[in-house]
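To start, the structure itself, in C-alpha cells.
The values are calculated or read from the model by the stated rules, or taken from the named source; none is laboratory data. No experiment lies behind these values; they were computed from the predicted model shown. Positions of Cβ are generated from backbone atoms using ideal geometry, with glycine treated the same way; all protein chains shown enter the neighbour counts. Note: areas computed on protein heavy atoms with side chains; ligands, DNA, RNA excluded. Shrake-Rupley method; radii C 1.70, N 1.55, O 1.52, S 1.80 Å.
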Amino acid sequence: MPNPLYDQLFGVHAGKTTPFLHLQDGSTINHAEFLASAAQIAHVLGQSGMTPGDRLAAQVQKSPEALALYAACVQAGIVFLPLNTAYTTEELTYFIENSGAKKVVCDKSDEPQLLPIAESLGAQLETLNADGSGTLTDHAATMPVDFPTVARDPDDLAAFLYTSGTTGRSKGAMLTQKNLLSNALTLCDLWRFTSDDVLLHALPIFHTHGLFVATNVTLAAGGAIIFLPKFDLDQMIGLMPKATTMMGVPTFYTRLLDDLRFTRDLTAHMRLFVSGSAPLLTDTHLQFEARTGHRILERYGMTETNMNTSNPYDGERRAGTVGFPLPGVELKITDPNGGEALPQGGVGQIEVRGPNVFKGYWKMPEKTATELREDGFFITGDLARIDEDGYVHIVGRNKDLIISGGYNIYPKEIELILDEQPGVKESAVIGVPHSDFGETVLGLIVPEPNAEPDLGTIAEAAKKSLARFKHPKKLILIDELPRNTMGKVQKNTLRDGYRDIFAPAVSQSSAK
Ligand code: MLC
Ligand code: AMP
C-alpha cells in the first residue's frame with residue numbers, strides 16, 4: 001500500500017546493512033536495524049488502539065529510539081507531534097489537550113506529573129528515556145520486526161509542530177506527507193546529498209531543522225548521520241573529520257569559530273556547511289571562510305513551510321542573503337498593508353506558495369485564514385527585499401518575535417505572565433543582541449502606582465510556566481512604556497535603548 005513519505009525516506013532502505021546512525025559510544029545502527037525497531041514500535045502503536053490520523057505527542061530526549069518513534073508514526077499513519085524537551089508541564093498540558101493526542105510518550109522522570117494530565121485528557125502514556133529504555137521499547141521488544149505499512153495520501157497529515165503566536169497562544173501547524181517529502185527531495189537534490197554523505201547532527205529532533213531538514217534529507221539520500229544528543233563543542237571538533245556535512249543554527253558557527261581547534265585542516269573532509277533558523281551575520285560568514293575556506297550555505301525556512309529559499313550549491317553563496325526560492329516554491333514580496341506584490345527591490349513581507357506550505361493550523365480556521373491566503377500563498381511575517389540578481393535579503397520581521405539560539409520566542413506569551421504578577425501595571429518583552437544566542441529576552445516592567453514589585457518573585461513565576469529558553473535573561477523596572485500617538489508600545493525605541501545591555505558593541509560582530 002502506498003505511503004509516499006515512508007516509502008521514499010524509510011522503506012527504500014529495507015534490507016540495507018549500510019550505516020545509518022553512528023552513535024557517540026562508537027556503535028552503529030544500520031538502516032535495516034533501524035527499520036526493524038521502527039516496525040516494532042509501529043506494532044505497539046497499532047496494538048494500543050491507535051488508528052491512522054490519531055496524534056502521538058512525544059517529549060523525549062534525542063535518541064535512536066526517539067527517531068524510530070518518528071519513523072513508526074509515519075509507517076502507521078499516526079500524526080507525529082514532537083515537543084521541545086524544555087517545555088514545562090503547563091505548556092505540555094495545552095499541547096496534549098489542543099491536539100487531542102491519543103498517546104503521550106515522555107521520559108520516566110516526567111511520568112508523575114504527566115500521567116494524571118494524560119489520563120484526565122483520555123490519552124495513554126508510555127515512557128522513553130534518553131538511554132532508549134522505557135515502556136515503549138519494552139513493549140516493542142516483543143513485537144515482529146515487519147509492519148504492514150499503512151497507506152497514506154500525499155495530503156494526509158504526517159506531523160504537527162506547535163509554534164507560538166503573536167497572541168501568545170500556540171498553534172499546531174499541520175504538515176502533510178507531501179509537505180515533508182517534497183522538501184526533503186528538493187533539498188537532497190539541490191545540496192547534492194548522496195549515500196556517501198555523513199551528516200554531523202547536533203540539532204534537536206523536535207523542530208523542523210533537526211528532523212525535517214537534517215534527518216529527512218540524509219534519509220532521502222541514504223546517507224549516514226553522526227547522531228549527537230546535543231551540541232557539545234568538544235564532540236563537534238572531535239567528530240568533524242569523520243563527517244562530510246553539517247547543519248546548524250548560527251550559534252553553532254559562532255561557537256565553533258570561538259575555538260582555536262576549529263581550523264582549515266579539521267574541516268578538510270567536509271563538503272558542505274548549512275546554516276538556518278536565524279540570521280547568520282555577514283561577519284560570521286566571512287570569518288568562517290577565512291578560517292576554513294568553506295562558504296556556509298544559508299537557507300531560510302519556517303515551521304509552517306519547511307524550507308523556502310537557499311543559496312546555491314555551485315553558484316555564489318552570498319553572505320547576508322538567504323539565496324533563491326527553491327525549485328517549485330513561488331516567493332513574492334508584498335505590501336504588508338494591501339498585500340499587492342511590490343516591484344523588484346522593494347522591501348515588504350515574504351509570501352510563499354508551493355508543495356512545502358502547510359495545510360493550516362489545527363482547529364484554528366480563523367487564524368489559518370489570516371495567514372494562509374485562499375490562493376495558497378502563506379504570509380510569513382518576515383520582511384525582505386530581492387536584489388537585482390534575485391537573492392533574497394531578509395531585513396527584519398513584521399511580527400513580534402525573538403529568535404534565541406534558533407528557538408522562537410513570542411514576547412506576548414511572556415508579557416501575559418509578567419502582567420499577571422502582583423504590583424505589575426504592564427510589561428514589554430523585547431529581544432536584544434546577545435553574543436552567543438544572537439538575540440536574548442529582556443523584560444521591562446512598569447509597576448502599579450506606589451507598588452514595588454519583587455523582580456525575583458516575578459522571575460520565579462515566569463520559570464514555573466515557561467520553558468527555560470523563554471525566561472527573560474533580565475528584568476528591569478521602568479517608569480513607563482514609550483507609546484505612539486495611537487497608544488501602541490514602541491518596541492523599536494526600547495530595543496534601541498537597551499541594545500547594548502548584553503552585547504557591548506565590540507562583541508556584536510560574533511553574534512548571529
Ligand atoms: C539553551 N538555553 C537557551 C537556549 N538553549 N536559552 C536561550 N536560547 C537558547 N536557544 C538555556 C539553557 O537551558 C541554559 O539555561 C542556558 O541557556 C545555557 O545553556 P547552554 O548550555 O549554553 O545551551 P546549550 O544547551 O548549549 O544550547 C544552545 C544551543 C541550543 C544553541 C546549542 O539552543 C540549540 O540546539 N538550538 C537549536 C534550536 C533549533 O534547532 N532551532 C530550529 C528551529 S526550526 P540555564 O537556566 O541553565 O542558564 C526553524 C525553522 C528553520 O527555526 O528555518 O530551521
Ligand atoms: P520557526 O517558526 O521556528 O520555524 O522559525 C521561523 C523563522 O525563523 C522565520 O520566520 C524567520 O524569521 C527565521 N529564520 C529562519 N531561517 C532564517 C534565516 N536564514 N535568516 C533569517 N531568519 C531566519
Q. Just wondering, is there one or more residues in the stretch 239-247 that are modelled with pLDDT of 95 or more, touching a helix residue (DSSP H, G or I) at 6+ places or on another chain (Cβ under 6 Å) and under 27 Å from G354 (Cβ atoms)?
A. yes
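Does N308 satisfy the criteria of being polar (S, T, N, Q) and within 13 Å of ligand 2 (Cβ to nearest atom)?
On the way: polar (S, T, N, Q): yes; within 13 Å of ligand 2 (Cβ to nearest atom): yes.
Judged against the criteria, N308 is a match.
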Q) Which of the residues belonging to the stretch 347-378 are under 14 Å from I394 (Cα atoms) and open to solvent by 20 Å² or more (accessible area, probe 1.4 Å)? A) V347
(Q) So T440 passes all but one of these: (1) within 16 Å of ligand 1 (Cβ to nearest atom); (2) of a type in the set (V, I, T); (3) in contact with a helix residue (DSSP H, G or I) (Cβ under 9 Å, 6 or more places away or on another chain). Which condition number does it fail? (A) (3)
Q. Among (1) buried (at least 21 other Cβ atoms within 10 Å of the Cβ); (2) part of a loop (DSSP other than H, G, I, E, B); (3) among the charged types (D, E, K, R), where does E439 come up short?
A. (2)
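Every residue in the stretch 281-298 that is within 16 Å of ligand 1 (Cβ to nearest atom) and open to solvent by less than 10 Å² (accessible area, probe 1.4 Å), please.
Matches in the stretch 281-298: T284, I296, L297.
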Q. If you take the residues of the stretch 209-238 that are in contact with a helix residue (DSSP H, G or I) (Cβ under 9 Å, 6 or more places away or on another chain) and within 16 Å of ligand 2 (Cβ to nearest atom), which of them is nearest to G11 (Cα to Cα)?
A. N216
Q: Output the helices (runs of 4 or more DSSP H) that fall wholly within the stretch 214-329 and possess 3 or more residues being in contact with a Gly (Cβ under 9 Å, 6 or more places away or on another chain), or say none.
A: 250-257
Q. Which one of G328, G354, G339 is without any contact (Cβ under 8 Å) to a residue 60 or more places away in the chain and away from ligand 2 (no atom under 13 Å from the Cβ)?
A. G339
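Hey, could you check the stretch 457-473 for residues that are among the basic types (K, R) and open to solvent by 90 Å² or more (accessible area, probe 1.4 Å) and say which is farthest from V432 (Cα to Cα)?
The qualifying residue farthest from V432 (Cα to Cα) is K464.
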Q: State whether one or more residues within the stretch 240-254 are within 11 Å of ligand 2 (Cβ to nearest atom) and in contact (Cβ under 8 Å) with a residue 12 or more places away in the chain.
A: yes
Q. Looking at D382, D335, which is the one that is open to solvent by less than 40 Å² (accessible area, probe 1.4 Å) and either modelled with pLDDT under 95 or not small (G, A, S) (or both)?
A. D382
Q.
If I ask for residues that are part of a strand (DSSP E or B), in contact (Cβ under 8 Å) with a residue 24 or more places away in the chain and open to solvent by 20 Å² or more (accessible area, probe 1.4 Å), which ones from the stretch 29-57 would you list?
A. I29, R55
Q.
Can you pull out every residue in the stretch 102-155 that is part of a loop (DSSP other than H, G, I, E, B), surrounded by fewer than 17 Cβ atoms within 10 Å (Cβ to Cβ) and among the hydroxyl-bearing types (S, T, Y)?
A. S133, T142
Q | Of residues in the stretch 454-497 being part of a loop (DSSP other than H, G, I, E, B) and among the hydrophobic types (A, V, I, L, M, F, W, C), the one nearest to the chain's Cα centre (by Cα) | A | A467
Q. How do the pairs read when you match residues in the stretch 275-286 that are more than 17 Å from G396 (Cβ to Cβ) and more than 7 Å from ligand 2 (Cβ to nearest atom) with residues anywhere that are modelled with pLDDT of 95 or more and in a loop (DSSP other than H, G, I, E, B), using Cβ under 7 Å and keeping only pairs 6 or more apart or on different chains?
A. H285/I296; H285/A319; L286/A319
**Q.** Residue that is touching a strand residue (DSSP E or B) at 6+ places or on another chain (Cβ under 9 Å) and either at pLDDT 95 or above or open to solvent by 10 Å² or more (accessible area, probe 1.4 Å) (or both), where the choices are A86, A14
**A.** A86
